[in-house]
Amino acid sequence: MAPVKFGVGQSVVRKEDDSLIRGHGRYTGDHAPDGLMHALVLRSPHAHARFTIDASRARKMPGVGLVLVADDVSEIGGLPCIFNFPQKPFKQPPYPVLAKDVARHVGDAVAFVVADTLDHARDALEAVDVEWTPLPSVTGLEAAIADGAPQVWSDYANNVLYDMPIGDKAKTDAAFAKAHAVAEIRIVNQRLVTNYMETRGVVCEYDAKNDHFTLTLGSQGSHRQRDILCGMMKLPKEKVRVITPDVGGGFGTKIFPYREYSLAAFSARKLNKTVKWVADRADHFLGDAHGRDNITVARMALDQDGKFLAMDVDLLGNMGAYLSTFGPYIPFGGAGMLPGVYDITTFHCRVRAVMTNTVPVDAYRGAGRPEAAYVIERLVDACARKLGMTPDAVRKKNFIPPKAMPYTTATGKVYDSGEFAVHLKMAQERADWKGFSKRAKDAKKAGKIRGIGLASYVEICGMVGPETAVVRLDKDGDLTVLIGSQSTGQGHQTAYAQLVAQEFGVAPDRVRVIQGDTAQIATGTGTGGSSSIPVGGVSVQRATRTLGDSLKQIAADALEAGAADLEIDNGAIRVAGTDRMISFADLAKKAEGQADKLSASDTFAPAGGTFPNGTHIAEVEIDPDTGITQVVNYVIVDDFGVTLNPLLLAGQIHGGAVQGIGQALMEQAVYDPADGQLVTGTLMDYALPRAADAPSFAFETHNVPCTTNPLGVKGAGEAGTIGACPAVMNAIVDALYREYRIDHIDMPATAERVWMAIREHQRLHAL
């Protein structure tokens, strides 16, 4: 067995950090081959407009290699949306790499300029002549479905892409008719901009002799990018290599293909030059998929004891002007998790996906599950207020009990494990729930109001796959893992190395992990949906064990012993109970020319997802004179099945929770309803959380091993975000309700919004 300090369950420091901290990380923007050309995108300043375009003057500018408009790239296929309903398919609108005749959102790409310097590219961009004829636009969800609203596409009546039910409406209506009480809430899950640290970029090198493309780009899976690009440009896969170097954040948004990748490849072949495009922050706001943007009305039917009888939901999800890769799936898939951790046997949800004149919306850290958790947890608090119960009491009454596992929800999800009441109790104890009243009294003496809120969540993840891992023994006795998942900052190199260390007893430093290169790695699904360890980790562990068996066979000959009598430890194979051994390096020499014996692969495809769950408790303090809200205490108790590396896990949870706090308190992408302009188009107008906005987190686990993968691991990358929004917002509403009987406020709970809610209450009660 591996040394305890290296194995599964140990807080091994990230292998990646030494290089990154020293500034030795290599990102797409750092890749600068000789003789490259620089590209920029001309974007629409209008939310909806007809246009004519003339690039003749720009093409004559100094240093300009190409100016592409829609007619020049007609041979490139549109960006794909890979989701539809087989039983009731909807018609997908085209998503061209450059808009032709009509632009449908501010930031829509209409031209691609390539020049020898960025300055020359900027000059050429300004020289492209475009005549705009503005058209009526619509950006808001409820405005888009109203009678007489401007049409984004003529094919969709009232801009509705699809209208799909989930559950049993008749049974749900009957339950509501017999209910003792009904709690109802209208939830706005506002639009967000991802704002990862490293903006997107691409460098395309073209080998004219072999008609071969090499693209370097930050992504969450090089194979997916290659395959989609080949489909768009009608290229065989062997003609395209995609390399993903270090990636400065992804959060789902770097899964998708974007226009610039195919445009750079097309330009590189046209010019027989290397072409580089790197987004500035404005490109990111206007050209990368946004997240969230739902409006949901949810109702719960209750009996007199607080038992949930039925749940009914009406959900509107914004698609934007085009359908991004998974965009139509996000509200529908997220709706499947609306019952949460509760025994709700009767359920109905109407899901409508709506087209608007805005940037396309797609998966963003949680991809529909944070939206669902936010709805159910805000609704449960509303149920407690409706019946005069405490928020923890109503939850305990309706939790799915452990004895019911595996439990099939009303939406068809099968929870394999979970002890929801246990982690709620643990979180309450850690947060000193019982002592809150005293803290609230002390705060009031100081002129502040306090609130405490909780959220008990469950999510589904670990469904992406299959994933194949190759583990090989190198000549120097070290080991290499090749896998098609992609780290974007999570610490995969460390996590996968720990799994190898666990089996072979080597230090993680002796394990090299290679990702992000379609030339070195045969297949890859990529990273998304918190699947890397629940899926890729299983493949690594299995491949390592298979390699171990192969190495024992080689060692058996060298040591003149039976393979069953051998053990692997500390980078060597020895005869158990003796000092007779052979090192990995000597084994590699002995098997020279037998590469197949020094390498093993395995593929794991999960039969079902994993269901991480937990309880977040947030305590907030509000200054009623300013509306400023501070998160003063934050406790998390989670169930992740098995913890691979507590240090990595805590980092993921802390980061996710801060993103959730950011959405709860300050983040929002705002469009002007009059002209469709993105008002929050820069970091001067779009607020992000800083260190001072984050509390000190208390985090621990109560793990119940998952049964859907051999590691017992439940995905963790998105969980922090999923629990944070409802916990913080429930705490804010708790404070406002205690003091003013204000029972609702929408995200983001900015200082202005909180202050105005208090002032409005005071005005009404002063009349």
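Computed values, structure above
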| item | result |
| --- | --- |
| Of the criteria (1) crowded, with 24+ Cβ neighbours inside 10 Å; (2) farther than 30 Å from Asp207 by Cα, which one Asp312 fails | (1) |
| Subset of the range 752-767 [in contact with a helix residue (DSSP H, G or I) (Cβ under 9 Å, 6 or more places away or on another chain) and hydrophobic (A, V, I, L, M, F, W, C)] | Val754, Ala757, Ile758 |
| Which numbered condition Arg259 misses (of (1) in contact (Cβ under 8 Å) with a residue 40 or more places away in the chain; (2) more than 30 Å from Asn318 (Cβ to Cβ)) | (2) |
| Boolean, Val64 is more than 30 Å from Leu161 (Cβ to Cβ), outside the structural domain of Val670 (by TED's automatic domain parsing), at pLDDT 95 or above and buried (at least 17 other Cβ atoms within 10 Å of the Cβ) | yes |
| Residue satisfying all of: in the range 513-530; touching a helix residue (DSSP H, G or I) at 6+ places or on another chain (Cβ under 8 Å) and not in a loop (DSSP other than H, G, I, E, B); nearest to His212 (Cα to Cα) among these | Asp517 |
| Counted residues, the range 461-485 - those being touching a helix residue (DSSP H, G or I) at 6+ places or on another chain (Cβ under 7 Å), part of a loop (DSSP other than H, G, I, E, B) and not charged (D, E, K, R) | 6 |
| Subset of the range 392-434 that is farther than 20 Å from Gly641 by Cα and among the aliphatic types (A, V, I, L, M) - its residue that is surrounded by the fewest Cβ atoms within 10 Å (Cβ to Cβ) | Ala393 |
| Residue check, Gly418 out of contact with any Phe, Trp or Tyr (no Cβ under 6 Å at 6 or more places or on another chain), under 26 Å from Phe347 (Cβ atoms) and not in a helix (DSSP H, G or I) | yes |
| Arg122 being outside the structural domain of Gly65 (by TED's automatic domain parsing), of a type in the set (Lys, Arg) and touching a residue at least 24 places away in the same chain (Cβ under 8 Å) | no |
| Search result, residues across the range 511-541 that are surrounded by fewer than 20 Cβ atoms within 10 Å (Cβ to Cβ) and either touching a residue at least 60 places away in the same chain (Cβ under 8 Å) or of a type in the set (Val, Ile, Thr) (or both) | Ile514, Asp517, Ala519, Ile521, Thr523 |
| Among (1) surrounded by fewer than 21 Cβ atoms within 10 Å (Cβ to Cβ); (2) within 24 Å of the chain's Cα centre (by Cα), the one test that Ile145 misses | (2) |
| Single unsatisfied condition, Lys254 versus (1) assigned by TED's automatic domain parsing to the domain that holds Thr721; (2) part of a loop (DSSP other than H, G, I, E, B); (3) farther than 17 Å from Ala410 by Cα | (1) |
| Candidate set: the range 319-357, residues that are of a type in the set (S, T, N, Q) and either over 17 Å from the mean Cα position of the chain (by Cα) or modelled with pLDDT under 95 (or both); chosen: the one surrounded by the most Cβ atoms within 10 Å (Cβ to Cβ) | Thr356 |
| First in the range 424-440 and assigned by TED's automatic domain parsing to the domain that holds Ala724 and without any contact (Cβ under 8 Å) to a residue 24 or more places away in the chain, second anywhere and surrounded by 18 or more Cβ atoms within 10 Å (Cβ to Cβ) and part of a helix (DSSP H, G or I), Cβ under 8 Å, 6 or more apart | Lys434/Gln428 |
| Residues of the range 655-674 that turn out to be charged (D, E, K, R) and either surrounded by 16 or more Cβ atoms within 10 Å (Cβ to Cβ) or at positive phi (or both), as a count | 1 |
| Filtered residues of the range 295-347 (kept if part of a loop (DSSP other than H, G, I, E, B), in contact with an Asp or Glu (Cβ under 8 Å, 6 or more places away or on another chain) and among the hydrophobic types (A, V, I, L, M, F, W, C)) | Ala321, Phe326, Met337 |
| Within the range 685-709, tally of residues that are of a type in the set (S, T, N, Q), surrounded by 18 or more Cβ atoms within 10 Å (Cβ to Cβ) and either at positive phi or not in a strand (DSSP E or B) (or both) | 3 |
| Which numbered condition Phe611 fails, given (1) crowded, with 16+ Cβ neighbours inside 10 Å; (2) farther than 30 Å from Gly529 by Cβ | (2) |
| Verdict on Pro646 being surrounded by fewer than 20 Cβ atoms within 10 Å (Cβ to Cβ) and either in contact (Cβ under 8 Å) with a residue 24 or more places away in the chain or among the hydroxyl-bearing types (Ser, Thr, Tyr) (or both) | yes |
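Yes/no per residue for (1) touching a strand residue (DSSP E or B) at 6+ places or on another chain (Cβ under 6 Å); (2) in the same structural domain as Pro331 (by TED's automatic domain parsing); (3) part of a loop (DSSP other than H, G, I, E, B); (4) farther than 30 Å from Arg352 by Cα:
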residue: Phe6; (1), (2), (3), (4): no, no, yes, yes
residue: Gln10; (1), (2), (3), (4): no, no, yes, yes
residue: Gly29; (1), (2), (3), (4): yes, no, no, yes
residue: Ala39; (1), (2), (3), (4): yes, no, no, yes
residue: Arg50; (1), (2), (3), (4): yes, no, no, no
residue: Ile53; (1), (2), (3), (4): yes, no, no, yes
residue: Pro86; (1), (2), (3), (4): no, no, yes, no
residue: Lys100; (1), (2), (3), (4): no, no, yes, no
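The values are calculated or read from the model by the stated rules, or taken from the named source; none is laboratory data. Treat the numbers as computed from the prediction; the structure is a model and nothing was measured. Reconstructed Cβ throughout: ideal geometry from the backbone, glycine too, with neighbour counts over all protein chains shown.
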